[in-house]
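Trainee: Dumping the structure here so I can ask a few things about it.
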Amino acid sequence: MTPRERILAAMNMEAPDRVPIMCQFSFGFMNQQLKETEITPMKLWLDAENYAKGLLILRDRFHFDGILVSVHGHYRNWREKMKKLEIIDRTEVATYNDRKETYVNDDLPVGNFFNPTETDIELADPASIPETLNYISASKNCYDFIDTDDPYRVFRYLEKEVKGKYSIHAEVSSSLDYFLDYLGYENALVAMALYPDKVKRILDRFVIGVINMAEGLADHNDIDAIKISSPFAGMDFISPDYYREFELPYLSQIASAINNKGIFSYVHTCGHINDRLKLMAESGVSGLECLDPPPIGNVELDDAFQRIGGKMFIKGNIDSVNVLLKGTDNQVLTDVKRRIKSGKEHSGFILSTACSIAPKVPANRIQMLSKLVKEYGKY
């Protein structure tokens, strides 16, 4: 099987020749691994060709079967948008009209906006939220701004280089993620309790934009799946009742739109999600990513397969911090072998870190993963 065929088989709930492997690169990890190249943190974040090159370099280094494109829509003239570029303590700092961005080498860019970006719930106007979203909220005050005139350049570059050999996945953020960014996390959580009807009107608007983005990606690119990033929908933020009310209806709409395009959808939610696994399965997504194990989360792989296996593929769930970063080589070996064994007993398994690869995980730890699936992952 080719790497792409291997991933597709798993997402189709079929048995591939061996367990496929595909981890999500955090930008911090990518920056750490690309230090010896000319791809600086600023270029990785802002330049489509450099981002694609970085993804390909690391795919080759770690022998993954697929490539996740976390951000898209890079402006071709991104340098012209800066008012000033400085190097401060060997770190790139760009000043724009509305903000400064610091391109650190171990995390996402750090944004500092000159005026608050959050909106008060009482002043929020759902009708003002556009149907075409021109940004992805990657983190607090960290945005990937999308060139809506030419949003797919990074995919065109990848497709030319990959030539169908590897599975390419795109990513969108959930309606809930946009809502939390729109009001600010604390204000948004309070608004769910005090203004639930208005919150739903806001979510109704954001879901249109997310669906339009997802359908555009599906229409214009040779991708196999779209990941729906919803990191704040876990137990640490909202209850199962709130999940059913403020996440599930909108996640279901996005999943349906993606699935109707003939490609796979999967949702990524961090942390503790054990109490909502079956709720997540109700959404209609094709798969589930992350499933953080204890102590970061509370999901055990065997239990997850017993509860939702057969309904959706599972992509996970190696602890990137406590195992890959802090564990010994023997602990990594034992942990990964156990997850491969569990996954092989069920259909629809892709070996991956639970969440993104932590920035400071050594390269040799990630190289171990592809060696272990080749040795122990054959069906």
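The values are calculated or read from the model by the stated rules, or taken from the named source; none is laboratory data. Predicted, not measured: the structure shown is a model, and the values here were computed from it. Cβ placement follows ideal geometry from the backbone for every residue including glycine, while neighbour counts extend to all protein chains displayed.
Trainee: What is the number of the single condition among (1) in contact with a Phe, Trp or Tyr (Cβ under 7 Å, 6 or more places away or on another chain); (2) under 21 Å from ARG156 (Cα atoms); (3) crowded, with 23+ Cβ neighbours inside 10 Å that GLU49 does not meet?
Mentor: (3)
Trainee: Any idea which of (1) exposed (fewer than 13 other Cβ atoms within 10 Å of the Cβ); (2) assigned to a strand (DSSP E or B); (3) touching a helix residue (DSSP H, G or I) at 6+ places or on another chain (Cβ under 9 Å) is the one ASN112 doesn't satisfy?
Mentor: All conditions are met except number (3).
Trainee: Return yes when THR117 is closer than 25 Å to GLY28 by Cα, at pLDDT below 95 and not aromatic (Phe, Trp, Tyr) and no when it is not.
Mentor: Yes: the conditions hold for THR117.
Trainee: Yes or no: the stretch 71-79 includes at least one residue that is in contact with a helix residue (DSSP H, G or I) (Cβ under 8 Å, 6 or more places away or on another chain), closer than 23 Å to LYS360 by Cα, surrounded by fewer than 21 Cβ atoms within 10 Å (Cβ to Cβ) and among the hydroxyl-bearing types (Ser, Thr, Tyr).
Mentor: no
Trainee: Also: Name the single residue, out of those in the stretch 273-296 being part of a loop (DSSP other than H, G, I, E, B) and under 17 Å from the mean Cα position of the chain (by Cα), that is farthest from ILE238 (Cα to Cα).
Mentor: SER286
Trainee: Output the number of residues of the stretch 227-262 satisfying the condition of being crowded, with 19+ Cβ neighbours inside 10 Å, out of contact with any Cys (no Cβ under 7 Å at 6 or more places or on another chain) and part of a loop (DSSP other than H, G, I, E, B).
Mentor: So the count comes out to 5.
Trainee: Continuing with the same structure: Output the residues belonging to the stretch 297-321 that are in contact with a strand residue (DSSP E or B) (Cβ under 6 Å, 6 or more places away or on another chain) and outside any helix (DSSP H, G or I).
Mentor: Passing the criteria: MET312, PHE313, ILE314, LYS315, GLY316, ILE318.
Trainee: Please name all residue pairs, on different chains or six or more residues apart, with Cβ atoms under 8 Å, provided the first residue is in the stretch 278-292 and is in contact (Cβ under 8 Å) with a residue 40 or more places away in the chain and at negative phi and the second residue is in a helix (DSSP H, G or I) and not charged (D, E, K, R).
Mentor: VAL285/LEU251; VAL285/ALA255; SER286/MET11; SER286/ALA255; SER286/ASN259; GLY287/MET11
Trainee: Of all residues being among the charged types (D, E, K, R) and closer than 14 Å to SER174 by Cβ in the stretch 189-224, which is surrounded by the most Cβ atoms within 10 Å (Cβ to Cβ)? Just the residue, please. Give the steps one after another, and end with the answer.
Mentor: Going residue by residue through the stretch 189-224, those that are among the charged types (D, E, K, R) are 197-198, 200-201, 204-205, 215, 219, 222, 224.
Narrowing the set further to residues that are closer than 14 Å to SER174 by Cβ leaves 204-205.
Values: ASP204: 15, ARG205: 21.
Among those residues, the one meeting the criterion is ARG205.
Trainee: Residues of the stretch 156-202 being closer than 28 Å to GLU5 by Cα, of a type outside the set (Asp, Glu) and part of a helix (DSSP H, G or I), which ones? Outline the logic, then answer.
Mentor: Filtering the stretch 156-202 down to residues closer than 28 Å to GLU5 by Cα leaves 156-174.
Still in the running and of a type outside the set (Asp, Glu): 156-158, 160, 162-170, 172-174.
Answer for the stretch 156-202, where residues must be closer than 28 Å to GLU5 by Cα, of a type outside the set (Asp, Glu) and part of a helix (DSSP H, G or I): ARG156, TYR157, LEU158, LYS160, VAL162.
Trainee: How many of the residues making up the stretch 324-378 are of a type in the set (Gly, Ala, Ser) and not in a loop (DSSP other than H, G, I, E, B)? Steps first, answer last, please.
Mentor: First, pick out the residues of the stretch 324-378 that are of a type in the set (Gly, Ala, Ser): 327, 342-343, 347-348, 352, 354, 356, 358, 363, 370, 377.
Restricting the remaining residues to those that are not in a loop (DSSP other than H, G, I, E, B) gives 342-343, 352, 363, 370.
Matching residues across the stretch 324-378 total 5.
Trainee: Starting from the stretch 91-105, take each residue that is surrounded by fewer than 15 Cβ atoms within 10 Å (Cβ to Cβ) and list its partners that are assigned to a strand (DSSP E or B), counting only C-beta distances under 8 angstrom and pairs at least six apart or across chains.
Mentor: Going by the 8 Å Cβ cut-off, the qualifying pairs are ASP98/PHE113.
Trainee: Sort out which residues of the stretch 48-103 are of a type in the set (S, T, N, Q) and more than 16 Å from the chain's Cα centre (by Cα), and write them in order of number.
Mentor: ASN50, ASN77, THR91, THR95, ASN97, THR102 - these are the residues of the stretch 48-103 that are of a type in the set (S, T, N, Q) and more than 16 Å from the chain's Cα centre (by Cα).
Trainee: Assess whether ASN260 counts as being of a type outside the set (Phe, Trp, Tyr), out of contact with any Lys or Arg (no Cβ under 6 Å at 6 or more places or on another chain) and in contact (Cβ under 8 Å) with a residue 40 or more places away in the chain.
Mentor: So ASN260 fails the test.
Trainee: Separate question: Which one of these is of a type outside the set (Gly, Ala, Ser), in contact (Cβ under 8 Å) with a residue 24 or more places away in the chain and farther than 30 Å from ALA191 by Cα: ILE67, ILE88, ILE129, ILE136? I'd like the intermediate steps shown before the answer.
Mentor: Values: ILE88 fails: in contact (Cβ under 8 Å) with a residue 24 or more places away in the chain; ILE129 fails: farther than 30 Å from ALA191 by Cα; ILE136 fails: farther than 30 Å from ALA191 by Cα.
Testing whether each residue is of a type outside the set (Gly, Ala, Ser), in contact (Cβ under 8 Å) with a residue 24 or more places away in the chain and farther than 30 Å from ALA191 by Cα leaves just ILE67.
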